[in-house]
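Q: Here it is: the structure, laid out below.
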Amino acid sequence: MGSDLEASSSSSLLQSPAVKEDTPLLGSANPLSSQPKTFANVFIAIVGAGVLGLPYAFKRTGWVMSLLMLFSVAFFTYYCMMLLVYTRRKIESVIGFSKINSFGDLGYTICGSPGRIIVDLLIILSQTGFCVGYLIFIGNTMADVYNSPTATDLSPKILGLAPKVVYVWGCLPFQLGLNSIPTLTHLAPLSIFADVVDLGAMVVVMIKDVLIYFKQSPSVEAFGGFSVFFYGMGVAVYAFEGIGMVLPLESETKNKEKFGSVLGLSMAFITVLYGAFGTLGYFAFGEDTKDMITGNLGSGLISTIVKLGLCINLFFTLPLMMNPVYEIVERRFWGGRYSLWLRWMLVFMVSLVALLVPNFADFLSLVGSAVCCALAFVLPALFHFMVFKQEMDVKGWCVDIGILVLGVVLGVSGTWSALLVIFSVKE
């Protein structure tokens, strides 16, 4: 009887979804994913362009400190992902909800419209932030491949403009076309292609890093000091961002009892991959490590193929990453109907911001701290606490509140640190 009273007390906080607010970000999925497919889906949801900035982050923070950060962030991210899963399971078991398909749906169910608005806003900022990073990478990489400085021309121009500006604006008309595609189904093959290219490029880069390291063996630092701690944490949080996909992935898993173990195995594999990529990149180039590790690969045929492959990868990934933004904005401002002009306006704004940010890795740290900390740590702990607080002991209270406070501290401090770095670069 005591557990029944606690359950009913917890459920008094929950809101019944209304038709307008409960429009899910993702459609209903077919729950047939095997464990290997779930493993692959988690990998696809998490691994992205953020990995390319890890060697530079290792340079700034030291390789030992960076590894400690990566493993710590991976553990807390996994823990918070499972908090979301447990919270949804609890709500569905108590009240019988069956359409909590997304992070935003969960926010609305627990906190009503304010919960939906906060989650939606953070998803918009994170997804557009990823896309800004993609365009920065494409612009800088294309300029490095085709318009790198020479002894006779230290600042090459195209039609009087910086090469990065030309390449970013050159992507715009093609991105307007790709982002006009109304259904995510037609973009799915691009996602598979993009992730195959991404993983292949990472393997090639690591092999080159090992060969270069044995040739030059530059000096490296283990610890970069406390002043860069929050900067490194921001990059690490960005690299593991994918918490918005956890609930949809768990929904389509065939054996839900083993979802936690599969998710943990996926996170462990990704963490080891990230650690190896960051460490090898820093060990190969030392203090000369650039904000995008591809900038260190030289001008050979293999390096050029890797760089262009990554550019193509991110070019076709961008409309996929923008799709959740379109669904939120169209639901909010266009009655859930397709709106071409809203999509084009958002693509234009993302391109404009990409031109204003000078450094890829610094931007990763800013987005990771300002947005991803809230999505990955603060909201999962808050939602779990609100639903389970009547049932938890003092230890449970301390863990949830501790993660919430940690997320706020990392977010505020990391944002401030990243802004200082970005503005110092501009000066």
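Q: Applying the selection to the range 33-45, what residues are at pLDDT 80 or above and open to solvent by 10 Å² or more (accessible area, probe 1.4 Å)?
A: PRO36, PHE39, PHE43
Q: Here's another thing I want to ask about it. Looking at TYR326, is it in contact with a Lys or Arg (Cβ under 6 Å, 6 or more places away or on another chain), over 21 Å from VAL73 (Cβ atoms) and among the hydroxyl-bearing types (Ser, Thr, Tyr)?
A: Judged against the criteria, TYR326 is a match.
Q: List pairs: first in the range 128-146 and touching a residue at least 60 places away in the same chain (Cβ under 8 Å), second among the aromatic types (Phe, Trp, Tyr) and open to solvent by less than 10 Å² (accessible area, probe 1.4 Å), Cβ under 9 Å, 6+ apart or cross-chain?
A: As it stands, the answer is GLY133/PHE360; ILE136/PHE360; PHE137/PHE360; ASN140/PHE360, since those pairs meet every condition given.
Q: Considering only the range 330-347, state which residues are at pLDDT 90 or above and surrounded by 13 or more Cβ atoms within 10 Å (Cβ to Cβ).
A: Hits for the range 330-347 are SER339, LEU342, ARG343, TRP344, LEU346, VAL347.
Q: Please indicate, with yes or no, whether at least one residue in the range 322-339 is touching a Cys at 6+ places or on another chain (Cβ under 7 Å) and not β-branched (Val, Ile, Thr).
A: Checking the range 322-339: at least one residue is touching a Cys at 6+ places or on another chain (Cβ under 7 Å) and not β-branched (Val, Ile, Thr).
Q: Return yes or no: is GLU257 acidic (Asp, Glu) and either closer than 22 Å to LEU199 by Cβ or open to solvent by less than 40 Å² (accessible area, probe 1.4 Å) (or both)?
A: Here the answer is no, as GLU257 does not meet what is asked.
Q: Let me ask you something else. Would you call LEU355 out of contact with any Leu (no Cβ under 6 Å at 6 or more places or on another chain), more than 20 Å from VAL228 (Cα to Cα) and surrounded by fewer than 21 Cβ atoms within 10 Å (Cβ to Cβ)?
A: Judged against the criteria, LEU355 is a match.
Q: Something else: Name the single residue that is surrounded by the fewest Cβ atoms within 10 Å (Cβ to Cβ) among those in the range 179-203 being more than 19 Å from ILE44 (Cβ to Cβ) and modelled with pLDDT of 85 or more.
A: Ranking the qualifying residues of the range 179-203, first place goes to SER180.
Q: Being within 18 Å of PHE214 (Cβ to Cβ), open to solvent by 10 Å² or more (accessible area, probe 1.4 Å) and of a type in the set (Val, Ile, Thr) is the filter here; which residues of the range 261-304 pass it?
A: If the condition is that a residue be within 18 Å of PHE214 (Cβ to Cβ), open to solvent by 10 Å² or more (accessible area, probe 1.4 Å) and of a type in the set (Val, Ile, Thr), then THR279, ILE302 are the ones that fit.
Q: Show the residue pairs that are 6+ apart or on different chains and have beta-carbon atoms under 8 Å apart, the first residue being within the range 328-343 and free of Cβ contacts under 8 Å to residues at least 24 places away in the same chain, the second being open to solvent by less than 10 Å² (accessible area, probe 1.4 Å) and not in a helix (DSSP H, G or I).
A: Pairs that qualify, where the first residue is free of Cβ contacts under 8 Å to residues at least 24 places away in the same chain and the partner is open to solvent by less than 10 Å² (accessible area, probe 1.4 Å) and not in a helix (DSSP H, G or I), are GLU330/SER339; PHE333/SER339.
Q: Give the range 147-173 a look and list any residue that's surrounded by 14 or more Cβ atoms within 10 Å (Cβ to Cβ) and either at pLDDT below 85 or not in a helix (DSSP H, G or I) (or both), or say none.
A: ASN147, PRO156, ILE158, ALA162
Q: Restricting attention to helices (runs of 4 or more DSSP H) lying wholly within the range 52-114, give those where 2 or more residues are touching an Asp or Glu at 6+ places or on another chain (Cβ under 7 Å) and open to solvent by 10 Å² or more (accessible area, probe 1.4 Å).
A: By residue number, 54-61.
Q: Under 6 Å by Cβ, and 6 or more places apart or on different chains, what pairs join a residue from the range 253-280 that is under 30 Å from GLN216 (Cα atoms) with one that is acidic (Asp, Glu) and at pLDDT below 90?
A: That search, which allows pairs on different chains as well, returns LEU280/ASP209.
Q: Name the residue that is nearest to LEU106 (Cα to Cα), counting only residues in the range 372-402 that are among the β-branched types (Val, Ile, Thr) and open to solvent by 10 Å² or more (accessible area, probe 1.4 Å).
A: Restricting to residues being among the β-branched types (Val, Ile, Thr) and open to solvent by 10 Å² or more (accessible area, probe 1.4 Å), the top hit is VAL378.
The values are calculated or read from the model by the stated rules, or taken from the named source; none is laboratory data. Because the structure is predicted, anything quoted here is derived from the model rather than measured. When we count neighbours, we look across all protein chains shown, and the Cβ atoms used for this are built from the backbone with ideal geometry, even at glycine. Areas reflect the complete protein model, heavy atoms only, side chains present, ligands, DNA and RNA absent. Shrake-Rupley method; radii C 1.70, N 1.55, O 1.52, S 1.80 Å.
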